[in-house]
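Worksheet: the structure to be examined is printed underneath.
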Amino acid sequence: MKNNNLKALIIFLGPAMLAIFVFFFIPVISAFVISFTDFDIYSLGNFSNARFIGLRNYTQLFEDPLFWTALQNTLFFVILAGPLSVCVSLFAAMLLNAKLVKFKGIFRLSYFMPVVTTLIAVAIVWRFIYHPRFGLLNYLLGFFHVNPVDWLGDPFWAMPAIVLMSVWKNFGYNMIIFIAGLNNIPSDLYEAATIEGASWWQQFRSITLPMLVPTTLFISIITMIGYFQLFAEPYIMTQGGPLNKTLSIVQYMYQEGFRWWNMGYSAAIAFVLFFIIFLGTVIQTFIQKKLKHA
Amino acid sequence: MKKVFLYLFLSVSAILTLAPFFWMISASLMADGHASVYPPRFFPDVTTLIQFQTLFTRLNALSNFFNSLILSLLVTTVSLLFNSMAGYAFAKFRFSGKDKLFTLLLSSMIIPAQVTMLPLFLMLKEMGFINTYMAIVIPGLANIFGIFMIRQYALSIPDSLLESARIDGATDFQIYWKIILPLCTPILVTLALFTFLGTWNDFLWPLIVLTDNSMYTLPVALANLMGEHTKDPELMMAGSVVTIIPVVIVFLALQKYYIKGIMMGGVKE
């Protein structure tokens, strides 16, 4: 179709491109510039008070024990919650895809419900579920003779508790994508395998998993990107404690930038986060490419 | 036998998944202190709406509710307009550099929003928009994911349809308004749903740019309340119910579109 009308192009593409350019690309570039300055509370009133300090924010970051703690916590969270939520999602999707299951819609809806609900609200609910004395979790575990645990107050358990809640909150989303992926696998593959006497496990290993590689790659990347941005759960449930054991990178960035107004430093944290996410995406793409050709 | 086991497992998992919501609703209907008991109560011993009353009278949650509602509707409407126009242009216009521009947009989706937050805050501060609705609307005017979704959908509309409309004398705007938009209705509903829920549920950005209780959206108000009422689970549960109920209703009404939207995003690869 021929359409080289410049006026129409400006009218249709202009508003969105202008908005994205001014309120997305310019901020990204500015953040990069700010990360090389000492922009702080004094610069807030008058931007010219900020001076270029080269790489000092970044070098300082690498010597900042609190940043390493935040990085370590976030990595721990991503490495634990990421694979766990992918596995739970796949498991749920396969169960719901089983031919003998009826009322699929109701089960799917139940598992999906946490996804659409407001994170802040459910984080508050879970905070009380984890209550050491009155919480539902300790009550349930009591039936199995487990002694009460102060989930959010114990440095060892606080992050795993946040992991559990996050997996509960998110697995429904990936489950839906996995269901779509499973439905895309031609059923004659399974029929042929059944005729040849392949067991359920063999079918899973040599049909389901390989056919799901693209879906799994997509899911692992979006899950990882989302989990690296961990913020609201610790903000509500632990405020980063106990002993900074749940302090996340985004939370540290938020504190430095918007509580102490160390914006130069905070921008550097944001870029390190971006770099890590970028690296994670590249590594996962690489691994899965290898898997595909193996 | 296998079937019974499967159903049992599915049902138990469904009950466990929904249990937090059940307890939330139940506790929101209890009087002060009645949720802090051992063993936990699954049903209120005495049902009362006192928590909701406190919320809406003393704590002024109604204004927070309206902030959330108006902002979500506003962002949804404006971004739908901008995204659909751009999506149409990317799908059907021919211009030099189109593919490059589109690739640039797509690859920049990997940049986490947190990177933009500091400069965006400073920009909005200079414009005098901090603590106003504009602070939420402006960053939500258009988004790359939305443009992408609409473009993918609009690509499937046959060019011949647009050609014949043009021969009949339709302008670009008429084509967009009378052909593209109606044919794109399913994806528009999906996107509207994503945007509405996304704006309603958003936390970090509203927390940064809204500084006054009367301007807070529900999640920010709730987080703020949590700081003061850590020991009032009943009140906090009522607040959570008020925050969650609208999104659940919207979702249940349009869930088909939501699920389809996720599947589209997921299978594209």
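A few remarks follow.
- Listed by chain and number, the aspartates and glutamates whose C-alpha is less than 15 Å from the C-alpha of residue A:99, apart from same-chain residues fewer than 8 away, are A:188, A:191.
- Taking Cα atoms only, the orientation of helix A:104-116 departs from the longest principal axis of chain A by about 10 degrees.
- Here residue A:7 is the anchor, and the aspartates and glutamates within straight C-alpha reach of less than 19 Å, apart from those fewer than 8 places off in the same chain, are B:163, B:172.
- Each of the peptides A:154-166, A:265-277, B:244-256 was scored by the mean count of other Cβ atoms within 10 Å over its residues; in descending order, highest first, they stand as A:265-277, A:154-166, B:244-256.
- Peptide B:140-147, shielding by other chains (average Cβ, 10 Å cutoff): 4
- Residue by residue along B:241-249, Cβ atoms of other protein chains within 10 Å of the local Cβ number 3 on average.
- Charged-residue dipole, Cβ positions (Lys, Arg, Asp, Glu), the protein assembly as shown about Cα centre, Debye nearest 20: 1300 debye
- Inter-chain Cβ neighbour average for residues A:171-184, partner chain, 10 Å: 3
- Mean ellipticity per residue at 222 nm, deg cm²/dmol - from DSSP H runs of n ≥ 4 across chain B, formula -39500 (n - 2.57): -22500 deg cm²/dmol
- For peptides B:169-182, A:188-201, sequence by mean Cβ density within 10 Å, most packed first: B:169-182, A:188-201
- Residue among B:191, B:171, B:247 farthest towards the positive dipole end of chain B, charges placed on Cβ: B:171
- Cα-centred dipole magnitude for chain A, charges only on beta-carbon of K, R (+1) and D, E (-1), debye, nearest 20: 700 debye
- For the cross-link pairs A:104/A:169; A:169/B:3; A:102/B:2; A:102/B:3, the ones whose C-alpha atoms lie over 18 Å apart are A:104/A:169; A:169/B:3.
- Look at the dipole of chain A built from charges on Cβ: of A:36, A:53, A:14, the Cα furthest out on the positive end belongs to A:14.
- Cα gyration tensor, the protein assembly as shown - rounded (a/c under 1.5), prolate or oblate: rounded
- Principal-axis analysis of the Cα atoms of chain A puts helix A:119-129 at an angle of about 70° to the longest axis.
- Entry note, chain A: the mean residue ellipticity at 222 nm calculated from DSSP H runs of n ≥ 4, each adding -39500 (n - 2.57), is -21500 deg cm²/dmol after division by the residues and rounding to the nearest 500.
- Reachable lysines from residue B:178, criterion Cα separation under 18 angstrom, eight or more residues apart if same chain: B:92
- Amide proton proximity set for residue A:37, modelled H, under 5 Å, gap of 5+: A:53
Just so you know, all these numbers are worked out from the coordinates, no wet-lab data involved. Quick caveat, the model's predicted, so the values are computed rather than measured. Note that we place each Cβ from the backbone using ideal geometry, even for glycine, and neighbour counts take in every protein chain shown.
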